[in-house]
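Structure first, then comments.
Rule-based calculations on the coordinates, nothing more; no lab input. Since the model is a prediction, treat every value here as computed from it, not as a measurement. Methodologically, a virtual Cβ is constructed for each residue, glycine included, from the backbone with ideal geometry; neighbour enumeration extends over all protein chains shown.
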There are 2 protein chains.
Amino acid sequence: MAGCREELKLLGMWASPFVVRVQITLRLKGLSYEYVEEDLQNKSELLLGSNPVHGGKVPVLIHNGKPVCESSVILQYIDEAFSGAGPSLLPADDPYGRAVALFWAAFVDGTLLKARSQALRGETGEEKEEGRKKAAAAMETLEGVLRESEAKFFSARDGPGLVDVMLGGLVGSMRATEEMCGLQTFDPTTTPLLAAWAELFCALDAVAPVMPSVQRLVEYAEAMQQPRTDVSSTTN
Amino acid sequence: MAGCREELKLLGMWASPFVVRVQITLRLKGLSYEYVEEDLQNKSELLLGSNPVHGGKVPVLIHNGKPVCESSVILQYIDEAFSGAGPSLLPADDPYGRAVALFWAAFVDGTLLKARSQALRGETGEEKEEGRKKAAAAMETLEGVLRESEAKFFSARDGPGLVDVMLGGLVGSMRATEEMCGLQTFDPTTTPLLAAWAELFCALDAVAPVMPSVQRLVEYAEAMQQPRTDVSSTTN
């Protein structure tokens, strides 16, 4: 499907890690796209009309006029619609390998992000502490995946795959949250393989130019007067 | 891949709507499988070893010795690993159609179930009321999908697809929760198309024998001395 007439437009917001995931995927695939920065306080008609179900949440990818919403869905869509372009995020002819990757992708959003959200926004100190423990345990679990596979990436091959992009898109905002709230992220002492993975991932040509800096994210969060907000959980 | 030597074992618990989803999918595909009922208070070594990341949550599908966990992942896995058997849950050669289905599948778990959970387990009456409103809005949204497509099923063809199974697996437990807590489900006056869809879905040969009855689910919930628990949210 990847032809010269493909029109790809990404509606995003620079600080959203979910938008970063899509940008990384488009770049890994070597696809040209138009990036449209949205003001989330004053969303465009195009954004509201493209994702009415979720009130105009970013990211939205518009491919030849048709919108695709939710970062994890967009990543799979790009992988399938442009299967001829760049490396595959999911192993194309390996249903079991795909299922394993989808399981860990769900773990990143369903377990790790959920725990971090509880750690930051729990109603009581006890709840927050429980969230913090769960978040640390989730990072330990991901560390174990890298340890067991002995690969540089979660894709278990020489380049990043779906799980790498799902987790990798969050690296900037997780580090910013650590800076603001001290919530554990890619600690070389407790999770050395994850720490090395984050360095490697963020240095990739497809990643470095679109990964927001910690400093800019912290300034943004402070300007929003929501210093305790986990910027990794605002949109998806 | 669907050959006569395939070995499929499903570790489940009869009241879990997430297990019901998998059973429906296996039956829609016409696949033979061994069903193993688990005692969740005393999980088998096989279950704990097959889904260690989530502490032995059901369902787990074991295919030729290899475990697949998380109902939405299992459904996609069955569809891909047994693409030659029975109808496809996701349109095989239509990346956009697949993305639309994945979006609505995520909506069922991420928006509808989350709202129902808030309605039932919110900390305050206000929070619960907010959850109730969100759950009603989510049902309205799903009603709109059926209205717009003018199809009997969410798959927009003559048989059920991924979204039908994701939502359909929940029907019994949603009705049981309504009986116990009055939380809106498939109301013929407010959401007539959804109500008709639920009737049609539950009458399918692949569904009727594995859909637990409302009465049995209510008795089970009462016996568990958790009458306010949403049995549709206990496992996935």
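Numerical summary
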read-out	value
Cβ nearest the rotation axis (A onto B), residue from chain A and distance to the nearest whole Å	A:Glu123, 3
Note, ³J(HN,Hα) from phi for region A:167-174, Karplus 6.51, -1.76, 1.60, rounded to Hz, x at Gly and Pro	7, x, x, 8, 4, x, 6, 5
At most 13 other Cβ within 10 Å, DSSP loop - trypsin sites (Lys or Arg not before Pro), region B:1-100	B:Arg5
Sequence-separation-based contact order of region A:95-215, relative, with Cα cut under 8 Å and 6+ spacing, percent	21
Solution diffusion estimate, µm²/s, Stokes-Einstein, region A:1-152, Kirkwood Rh from C-alpha pairs, 4 °C, viscosity 1.567 mPa s	75
Furthest towards positive pole of dipole, B:Tyr33, A:Asn42, A:Gln23, structure part the protein assembly as shown, Cβ charges	B:Tyr33
Other copies of A:Gly144: label-to-label distances in nm, shortest first, labels 7 Å along the beta-carbon direction	4.2
Per-copy distances of the A:Glu130 label point, shortest first, in nm (7 angstrom along Cα→Cβ)	1.9
Amide H within-cut-off set for B:Ser155, under 5 Å, with H built and near neighbours excluded	B:Gly161, B:Asp164
Dmax and Rg, reported as Rg then Dmax, of the protein assembly as shown (C-alpha, Å)	21.8, 63
Amide H within-cut-off set for A:Tyr35, under 5 Å, with H built and near neighbours excluded	A:Leu10
CD proxy at 222 nm, helix term only [per DSSP H run n ≥ 4: -39500 (n - 2.57); per residue of chain B; nearest 500]	-15000 deg cm²/dmol
Residues with amide H under 5 Å from that of B:Val60, placed H, sequence gap 5 or more	B:Leu11
3J(HN,Hα) from dihedral phi, region B:147-156, Karplus parametrisation 6.51/-1.76/1.60, rounded to Hz, x for glycine, proline	4, 6, 7, 6, 9, 6, 10, 5, 5, 6
Trypsin sites (Lys or Arg not before Pro) within region B:106-158, DSSP loop, no more than 16 other Cβ atoms inside 10 Å	B:Arg157
Kirkwood Rh and Cα Rg combined as Rg over Rh, evaluated for region B:95-225	0.97
Vicinal HN-Hα couplings computed from phi for region A:179-187 (Karplus, 6.51 cos²θ - 1.76 cosθ + 1.60; Hz; Gly/Pro x)	4, 7, 10, x, 7, 3, 10, 10, 7
Links that overshoot a 19 Å alpha carbon limit, given the list B:Lys9/B:Lys66; A:Lys114/A:Lys152; B:Lys114/B:Lys134; A:Lys9/A:Lys43	A:Lys114/A:Lys152
Label geometry 7 Å along the beta-carbon vector: B:Pro87 inter-copy distances in nm	3.9
